[in-house]
Amino acid sequence: MNVEPFVTFNKIGKRWNGQLGVEDITIQIPEGAFVALLGPSGCGKSTTLRLLAGLETPDEGEIIIDSVDVTEMAPSARNLSMVFQSYALFPHLSVAENVMFGMKVRKVPKEECMEKLHNALEITGLLGYEERKPGELSGGQRQRVALARAIVARQPLCLMDEPLSNLDAKLRNSVRRDIKKLQRSLGMTVVYVTHDQTEAMSMADIIILMKDGRIMQIGSPQELYSEPQNTFAAEFVGAPPMALISGSAIKGAEHASKVGVRTEDVTVVEAGKGRLTCTVSESEYLGVETHVQLEHPEGKGLVVKLHGYASLVEGSSVDIDFDDSALHYFDENGNRMAS
Ligand code: ADP
Ligand code: MG
């Protein structure tokens, strides 16, 4: 079955006075997918989202939503809703008025308005808060109001730009699960901007990893984790990041510029029996395990995880080992090699 993508970016480029925003962005998003735009600050995530929303116009390329070329269309003609980091609520309006604002503008009949309001507040756990003003709500509740407003819009496409970054860690986890559940039950297509790889890994069906205005890799969370296409993806995805070692330091890997290995593939062995001899730099006890940072002149990001509490003396020497089958090979441009 050849299903037409719901959203297509075809070679999109955007510059400001010649300065790069994004370049050569080609994306295909299936209907009902949860897509994360992931990358460090300034890499072009918001620009990409704003181009999709119609808040920016590309210098080249075209954008298709649901088989319609929307490249030159106004935001209001694109059938989408947006949730921003800043909530963008009206401070003088109540929760109910904020959520119903769009429906009022579109002159939706009163009864339908009330029904949709009730439904959206129920889904977001805000029943009973109808009359409160945004100033009388916590950050998490405000973000839920913004979500409720996106839900009542009932648009097939919802765009979110770092919607959780104002919340504390605990709340972030619970709202994260709420958003995911909502997206599934409403069958929405969501494009979600984040710089947080944990968020992208735990929520997305598809991750679009960006750097310096360009796409570095597109794939499922598992694909990005287990087959990073370049050293940037290897280091950006996963906690801790993949360790990178000079190929020249590893027997049989001299053809590669860099060799990557995940912490779960590294074991500590008896002195003199490992493939690399490292120095312990720091131990981090996390309860269930201890992360031990290692130093090696030819490597960076080397970490071994030891079960439970482990005390390794700083500055002491540790031999580590790994299988060839666990290694990832990268060439001098940082691109993945077959073997
Ligand atoms: P991100 O959301 O990934 O942090 P942005 O998409 O906001 O990144 O920005 C990408 C690049 O485009 C940055 O270098 C930023 O300074 C630039 N940029 C974004 N918006 C504008 C604008 N309106 N005018 C000029 N430069 C901009
Ligand atoms: Mg941004």
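Name the long-range amide H neighbours of Ala204: under 5 Å, sequence gap of 5 or more, or other chain; modelled H, no Pro or chain starts. Long-range HN contacts for Ala204: none found. Angle of helix 95-105 to the longest C-alpha principal axis of the chain, folded into 0 to 90 degrees and rounded to 10: 60°.
Shown in residue order for region 318-329 are the 3J(HN,Hα) couplings computed by the Karplus curve 6.51 cos²θ - 1.76 cosθ + 1.60 at θ = phi - 60°: 9, 9, 10, 9, 7, 7, 4, 5, 8, 8, 10, 10 Hz (x for Gly and Pro).
Using a probe of 1.4 Å on the protein chains alone, the accessible area found for Thr277 is around 80 Å².
Could you please state how large a percent of the accessible area of the chain is carbon and sulfur, counting protein chains only and using a 1.4 Å probe?
Heavy-atom surface of the chain belonging to carbon and sulfur, 1.4 Å probe: 48 percent.
Among beta bridges from DSSP that stay inside the chain, the antiparallel ones total about 70%. Between region 150-229 and region 246-286, the C-alpha centres lie 33 angstrom from each other. For region 212-224, putting each phi into the Karplus relation 6.51 cos²θ - 1.76 cosθ + 1.60 with θ = phi - 60° gives couplings of 6, x, 10, 7, 9, 6, 10, x, 6, x, 4, 5, 5 Hz, in residue order, rounded to whole numbers and with x for Gly and Pro. What separates the Cα centres of region 14-33 and region 42-104 is a distance of 15 Å. Ligands, DNA and RNA are left out, and with a 1.4 angstrom probe the accessible area of region 7-233 is 46 Å² per residue.
Helical runs assigned H by DSSP (4 residues or longer) give the chain a calculated mean residue ellipticity at 222 nm of -7500 deg cm²/dmol, each run adding -39500 (n - 2.57) before division by the residue total.
For Lys211, the amide hydrogen comes within under 5 Å of the amide hydrogens of Met216, counting only partners 5 or more places away or on other chains and with H modelled in the peptide plane.
Computed from phi, the 3J(HN,Hα) profile of region 107-114 under the Karplus parametrisation 6.51, -1.76, 1.60 (θ = phi - 60°) reads 6, 5, x, 3, 4, 5, 3, 5 Hz, with x in place of Gly and Pro. For the residues Val261, Val313, Val99, a GNM of the chain with alpha-carbon springs under 10 Å puts the largest fluctuation on Val313.
Once you have a ≥ b ≥ c as the square roots of the Cα gyration tensor eigenvalues for region 166-310, tell me rounded if a/c is under 1.5, and otherwise prolate or oblate according to whether a/b is larger than b/c.
Oblate, since a/c reaches 1.5 and b/c is not below a/b.
Taking +1 at the Cβ of each Lys and Arg and -1 at the Cβ of each Asp and Glu, which of Gly54, Ala310, Ile208 sits farthest along the dipole of the chain towards its positive end, judged by Cα position relative to the Cα centre? Result: Gly54.
Quick one: putting +1 on the C-beta of Lys and Arg, -1 on the C-beta of Asp and Glu, what dipole do you get for the chain around its Cα centre, in Debye to the nearest 20?
Result for the chain is approximately 1280 debye, rounded to the nearest 20.
The ratio of the alpha-carbon radius of gyration of region 240-337 to the globular-protein estimate 2.2 N^0.38 Å is 1.06. Take the Cα radius of gyration of the chain and divide it by 2.2 N^0.38 Å, N being the number of residues; the result is 1.18.
Which of the pairs Lys104/Lys133; Lys45/Lys133; Lys45/Lys211; Lys251/Lys300 have their Cα atoms more than 21 Å apart in this structure? Flagged as over cut-off: Lys45/Lys133. Close amide H pairs (under 5 Å, H built 1.01 Å from N) link Val193 with Leu37, Met160, Asp161, Glu162, residues at least 5 positions away or on another chain.
The values are calculated or read from the model by the stated rules, or taken from the named source; none is laboratory data. All figures in this text were calculated on a predicted structure; none of them were measured in a lab. Methodologically, a virtual Cβ is constructed for each residue, glycine included, from the backbone with ideal geometry; neighbour enumeration extends over all protein chains shown. Keep in mind that these areas ignore ligands, DNA and RNA; they rest on the heavy atoms of the full protein, side chains included. Shrake-Rupley method; radii C 1.70, N 1.55, O 1.52, S 1.80 Å.
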